[in-house]
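Engineer: One structure is given below, represented as structure tokens, and several questions about it will come after.
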Amino acid sequence: MKTAQQQSDALKSDVLTGPLVSVGEIASARDSGSQATRALFGIDRAGLIAVFAELGEKPYRGRQMTDALYKQRVSSLDEVTTLPQTLKDKLVGAGWHVGRPRIAQAFKSVDGTERYLIDVGGQTVETVWMPEGDGGAEFSEEDAESGARGWKRATICVSSQIGCAVNCQFCLTAKLGLQRNLTAGEIAGQVVAVLDRHAVELNRNRVNLVFMGMGEPFLNYDNFMAAVRILMDEVGIAAQRMTVSTSGIVPGILRFAQEPARPKLAISLNAPNDSVREAVMPVNRKWNIAAVLDAVRTIPFKGREKVTFEYVMLGGVTDRPEHAADVIKLVRRANLPAMVNLIAWNPGPGIAYESPTAESVLAFQKLLLAAGIQTYVRRPRGRDIYAACGQLKRTTENAAPAA
Ligand code: SF4
């Protein structure tokens with residue numbers, strides 16, 4: 001495990017230099033120097049056309065490969081029906097393989113949630129499948145409008161890094177430190193592997209993506225956005241069905257604001273003011289709440305889009321009525337189209353916080369609602385399999401402590 005100093009050094013260096021991985025590097029991310037393990041999965045359409053051009057093949061072959069990877073969800077070249085065997089042999093000869101991340105282990109919760117350890121080149125990363133939505137804000141509003149409750153739908157929670165350098169004090173992932181960034185293929189591959197497992201038909205089943213798993217997406221910005229583009233353009237999931245959560249990485253938010261197509265944004269606020277936030281989220285020392293809100297204001301919100309403030313409630317630390325009063329002031333001053341998601345903290349081994357009582361969560365929500373702030377309480381999912389928010393630590397146990 002990294003020391004706090006190493007974590008903060010890693011955070012600083014990621015922020016200052018940006019962990020950039022190009023499409024070419026994506027293809028060879030797991031390549032130990034030879035061409036033996038170059039992954040096609042994770043390369044976009046233009047990149048695949050270029051791969052086939054290098055083999056002397058026409059652009060339509062690249063397009064066929066794109067459809068096979070992202071629409072038909074093949075996991076090996078043998079499954080590709082549109083390419084002749086001679087061409088598949090040529091690809092293998094040049095060192096290419098599909099290279100899609102693979103579900104190594106699955107844990108199933110009593111509430112239907114599934115948590116996966118997904119193999120990304122010898123290491124594992126966590127992905128969570130939540131059927132019928134997670135009961136959070138992303139669903140409530142739309143459900144009410146469309147009468148969609150009861151439709152088959154699911155949310156997939158996706159990781160962007162192995163471990164995390166941000167060191168939020170309530171989070172089990174933080175205990176791992178940052179191990180490495182995931183490539184675009186490893187991020188998009190979690191989604192496709194899970195869609196495949198559940199035989200999801202995207203034209204019939206509604207799937208939402210939340211980039212709220214392990215890691216800070218905006219400290220792996222280029223790979224995260226490359227994955228988003230593959231998921232939008234090739235897999236066929238609309239950007240409005242995706243939400244990315246950041247701990248408040250200001251340079252990332254400023255870049256995100258410039259994207260022509262992007263997911264919705266959630267800010268992991270988790271505290272009523274800067275002094276509490278510094279204690280709970282050391283990243284606040286680098287970018288305080290005002291700096292984060294200034295960055296969010298540069299986003300051109302579309303239509304009825306809102307920013308979500310995620311608020312993890314820690315018993316006695318952030319769940320009191322006076323904290324609610326501060327949050328009300330903060331949201332009003334922010335002057336943004338916003339809503340609040342309250343999340344009762346999920347306990348984890350080695351973390352000294354306490355869960356809030358159900359009464360304090362509801363009282364908090366009531367105060368915000370009375371102040372005219374759209375506020376939801378996120379229903380915890382998969383606590384018994386360590387799948388709930390802040391619990392992702394690659395544990396291979398199937399039972400979490402009782403909440
Ligand atoms: S809450 Fe998110 S940003 Fe904070 S340490 Fe955990 S994974 Fe990283």
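Engineer: With Cβ to Cβ distances under 11 Å as the rule, what net charge do the other residues near ARG262 carry (K, R +1; D, E -1)? Can you show the working numbers first?
Structural biologist: Details: positive: ARG229, ARG255, LYS264, LYS302; negative: GLU259, GLU305.
That works out to +2.
Engineer: Return the sequence-ordered ³J(HN,Hα) values of the stretch 302-310 in whole Hz as given by the Karplus equation 6.51 cos²θ - 1.76 cosθ + 1.60 applied to θ = phi - 60°, using x for Gly and Pro.
Structural biologist: Running phi through 6.51 cos²θ - 1.76 cosθ + 1.60 with θ = phi - 60° gives 9, x, 9, 4, 10, 8, 9, 9, 7 Hz.
Engineer: Using +1 on the beta carbon of Lys and Arg, -1 on that of Asp and Glu, and nothing else charged, what's the dipole of the stretch 267-362 about the Cα centre, debye to 20?
Structural biologist: The calculated dipole for the stretch 267-362 is roughly 480 debye.
Engineer: Could you tell me which of the pairs LYS306/LYS329; LYS175/LYS264; LYS264/LYS366; LYS108/LYS175 are separated by over 20 angstrom between their Cα atoms in the structure shown?
Structural biologist: LYS175/LYS264; LYS264/LYS366; LYS108/LYS175
Engineer: List the residues, sorted by chain then number, that are 5 or more residues from ALA344 or on another chain and whose placed amide H is less than 5 Å from its amide H.
Structural biologist: Here the answer is MET313, ARG378, since their amide H atoms fall under 5 Å of that of ALA344.
Engineer: Evaluate 2.2 N^0.38 Å with N set to the residue count of the stretch 31-97, then give the Cα radius of gyration divided by it. Please list the in-between numbers first.
Structural biologist: On the way: Rg = 10.9 Å, N = 67, 2.2 N^0.38 = 10.9 Å.
Dividing the Cα Rg of the stretch 31-97 by 2.2 N^0.38 Å gives 1.00.
Engineer: Taking the Cα centre of the stretch 31-97 as the origin, how large is its charge dipole in debye, to the nearest 20, when only Lys and Arg (+1) and Asp and Glu (-1) carry charge on their Cβ atoms?
Structural biologist: Dipole magnitude for the stretch 31-97 comes out near 180 debye.
Engineer: Can you order the peptides 49-56, 299-306, 210-217, 268-275 by their average number of other Cβ atoms within 10 Å per residue, highest first?
Structural biologist: Order by mean packing, descending: 210-217, 268-275, 49-56, 299-306.
Engineer: Assuming a viscosity of 1.306 mPa s and a temperature of 10 °C, what translational diffusion coefficient in µm² per second does Stokes-Einstein assign to the stretch 101-385, Rh being the Kirkwood radius over Cα pairs?
Structural biologist: D = 83 µm²/s.
Every number in this text was worked out from the coordinates using simple rules, so none of it is lab data. In this text the structure is predicted, and so the values were computed from the model without any measurement. Here Cβ is always computed from backbone atoms with ideal geometry, including for glycine, and neighbour counts include all displayed protein chains.
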